[in-house]
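This report refers to the structure that appears directly beneath it.
The values are calculated or read from the model by the stated rules, or taken from the named source; none is laboratory data. All values derive from a computational prediction rather than experimental measurement. Every residue, glycine as well, gets a Cβ built from its backbone with ideal geometry; the counts of neighbours run over all protein chains shown. Heads up: the accessible areas ignore ligands, DNA and RNA and are worked out on the full protein's heavy atoms, side chains in. Shrake-Rupley method; radii C 1.70, N 1.55, O 1.52, S 1.80 Å.
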Amino acid sequence: MARFYVTTPIYYVNDAPHIGHAYTTVTADALARWHRLLGDDVWFLTGTDEHGLKMQRAAEANGLTPIEQADRYSQRFREAWAQLDITNDDFIRTSEPRHYKAVQALMQAAYDNGWIELGTYEGLYCVHCEAYYAESELVEGNLCPIHRRPVEHMTEENYFFKLSAFGDRLLEWYDSSPTTVIPESKRNEAAGLVKGGLRDISISRTSISWGVPVPWDPRHVFYVWYDALINYATAVGYGEDPERFATWWPSVQHLVGKDILRFHCVYWPALLMAAGIDPPHGVAVHGFLLVGGEKMSKTSLNQIAPADLVETFGVDGFRYHFLRDQPFGPDGDFSFEGMVARYNADLANNLGNLLNRVATVVGKKCGGVGPAPDPDSRLAAVAKEGYDTAAAAWARVAPSEALEATWRLVRETNAALEAAEPWKAEPGPGVDKVLGDALEALRIMAVMATPALPNKCEEIWRRIGLPGVPSEQRLPDAARWGGYPGGLTVLTGPPIFPRIS
Ligand code: MSP
């Protein structure tokens with residue numbers, strides 16, 4: 001059985017969930033659901049990133065301890081994902097004991113292999129920020145840009161990871177398969193970073209205590225990124241259950257935003273190699289969701305909470321929009337107007353209308369009992385082509401293309417109905433054929449669109465009289481033309497996607 005382990009980045013607990021976070025998480029969820037339909041053994045991980053100076057500061061500003069702050073915000077992410085019907089199998093928090101154990105084990109392995117050593121970090125330090133600045137970042141001579149106080153020349157003992165030794169192995173890894181880093185533009189970007197020259201990197205701090213202690217020198221904690229990346233290994237048993245780890249690793253598909261490409265495509269595979277572990281099967285890197293041309297951020301006050309859109313578009317409407325309208329890879333602009341237009345066109349008019357029409361006409365012309373499809377229907381080829389294209393697109397993490405291909409079947413079915421006009425015709429074999437074909441197309445659609453529209457597809461399934469649920473069907477069989485048996489009671493009901501004006 002094929003295995004599919006999919007991850008989202010773990011989200012910082014100084015920020016509330018917004019549609020940028022939701023974009024990655026919904027994409028991972030849709031992929032997980034698609035692979036479950038294929039019958040794969042799936043493990044889907046998300047979680048929260050809780051250590052480091054930034055989190056410590058955010059907690060202080062809110063009058064909380066770091067763990068109180070983390071508890072509160074981590075819960076908000078859990079709730080946001082529950083509201084979007086995200087089917088993660090695990091939710092990891094980096095403050096959990098299982099994670100401390102895995103970080104220490106993995107880093108110890110890299111240390112024992114000789115890839116980590118003590119060094120000194122020299123730089124210009126602002127004590128108030130507890131951060132180093134480059135000379136170019138300073139203002140008015142040698143002042144910290146935030147506090148406008150003089151920075152100090154500081155020398156700190158840090159552990160360094162010998163990243164510079166991994167350049168060739170990283171380049172080999174990028175080329176080892178077409179899946180390592182996708183899309184290709186992002187793979188080239190990662191290779192460019194490596195070819196530009198890699199420097200050893202500082203991976204520990206002595207100035208803060210909110211982190212995972214370095215096992216061989218507990219005066220230090222690991223720098224937050226090196227603790228965070230390891231979550232992907234923790235969650236499948238690294239350092240605790242070697243058999244379980246071997247089951248899932250390295251068949252992992254990471255999804256990340258382009259802001260964290262360097263960490264996932266350069267630092268993480270190199271660290272794994274240093275610890276004697278295979279690099280991931282793949283990292284899929286997406287662009288930003290822009291609002292008014294800008295990246296969402298706390299400071300720009302342009303963050304949109306998923307709940308606000310769910311209120312208008314419903315959970316499935318929300319999920320569909322981000323999967324279909326924002327191709328995976330490049331940046332894309334989000335607008336409310338664009339979301340309304342897409343919803344009305346694809347969901348209310350195309351899919352919703354198809355269901356509505358078919359159920360109404362079956363009620364009028366066939367006594368409410370759905371006829372069977374024509375095995376030689378012209379739509380059989382459309383369905384096959386749609387499935388093949390969609391399956392290939394899901395496999396290369398291109399949900400927008402997959403859904404586009406899936407919707408071709410809806411459009412062709414609507415066109416066939418318009419050409420035949422069964423609502424005007426006398427009941428008989430001609431009417432039965434066109435309605436049977438439309439019901440079959442709806443059955444196939446309900447399975448294929450389940451990753452995007454899990455709730456509405458169940459409703460379509462129920463209305464066309466089928467037993468069970470679409471998420472329990474198995475692809476590719478369930479997409480094969482001819483599965484609708486006929487003789488089932490077809491129900492009418494309120495529009496599943498009411499138009500939004
Ligand atoms: N904690 C780190 C990740 C550690 S993973 C080992 C982090 N967290 S984050 O909360 O700031 O952002 C995580 C991810 O959220 C981004 O990489 C990206 O996937 C997603 N997005 C945040 N803002 C986004 C947009 N405006 N648009 C699309 N995705 C964005 O970085």
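Arg76 fulfils the conditions (1) in contact (Cβ under 8 Å) with a residue 60 or more places away in the chain; (2) away from the ligand (no atom under 14 Å from the Cβ); (3) open to solvent by 10 Å² or more (accessible area, probe 1.4 Å) except for a single criterion, (2).
When residues of the stretch 271-286 are filtered for being of a type in the set (D, E, K, R) and buried (at least 19 other Cβ atoms within 10 Å of the Cβ), how many remain? The qualifying residues number 0. For the stretch 80-88, indicate whether the set of residues that are surrounded by 14 or more Cβ atoms within 10 Å (Cβ to Cβ), assigned to a helix (DSSP H, G or I), touching a residue at least 60 places away in the same chain (Cβ under 8 Å) and small (Gly, Ala, Ser) is non-empty. For the stretch 80-88, residues surrounded by 14 or more Cβ atoms within 10 Å (Cβ to Cβ), assigned to a helix (DSSP H, G or I), touching a residue at least 60 places away in the same chain (Cβ under 8 Å) and small (Gly, Ala, Ser): present.
Got a sec? Which strands (runs of 3 or more DSSP E) wholly within the stretch 93-201 have at least 3 residues that are open to solvent by 70 Å² or more (accessible area, probe 1.4 Å) and in the same structural domain as His286 (by TED's automatic domain parsing)?
It comes to 116-126, 152-161.
Take Trp225 and tell me if it is modelled with pLDDT under 95, surrounded by fewer than 23 Cβ atoms within 10 Å (Cβ to Cβ) and not in a helix (DSSP H, G or I). So Trp225 fails the test.
Within the stretch 377-403, the residues that satisfy the criterion of being among the acidic types (Asp, Glu) and within 19 Å of Glu440 (Cα to Cα) are Glu385, Asp388. Residue count for the stretch 210-220, restricted to those that are away from the ligand (no atom under 16 Å from the Cβ) and in contact with a Pro (Cβ under 8 Å, 6 or more places away or on another chain): 1.
Is there a residue being at pLDDT below 95, within 14 Å of the ligand (Cβ to nearest atom) and more than 19 Å from Trp115 (Cβ to Cβ) anywhere in the stretch 196-209? Scanning the stretch 196-209 turns up no residue that is at pLDDT below 95, within 14 Å of the ligand (Cβ to nearest atom) and more than 19 Å from Trp115 (Cβ to Cβ).
For the stretch 1-57, enumerate the residues that are more than 9 Å from the ligand (Cβ to nearest atom), surrounded by fewer than 22 Cβ atoms within 10 Å (Cβ to Cβ) and part of a loop (DSSP other than H, G, I, E, B). Passing the criteria: Met1, Ala2, Ala16, Leu38, Gly39, Asp40.
Scanning the stretch 357-378 for residues being part of a helix (DSSP H, G or I) and open to solvent by 60 Å² or more (accessible area, probe 1.4 Å) gives a total of 2. Only one of Leu289, Leu261 is assigned by TED's automatic domain parsing to the domain that holds Ala22 and surrounded by fewer than 23 Cβ atoms within 10 Å (Cβ to Cβ). Can you tell me which? Going through Leu289, Leu261 in turn, the sole match is Leu261. Residues that are of a type in the set (Lys, Arg), under 29 Å from Asp241 (Cα atoms) and more than 26 Å from the chain's Cα centre (by Cα) are absent from the stretch 65-82. Filtered by the rule that a residue be in contact (Cβ under 8 Å) with a residue 40 or more places away in the chain and among the aromatic types (Phe, Trp, Tyr), the stretch 333-361 gives Phe334, Tyr343.
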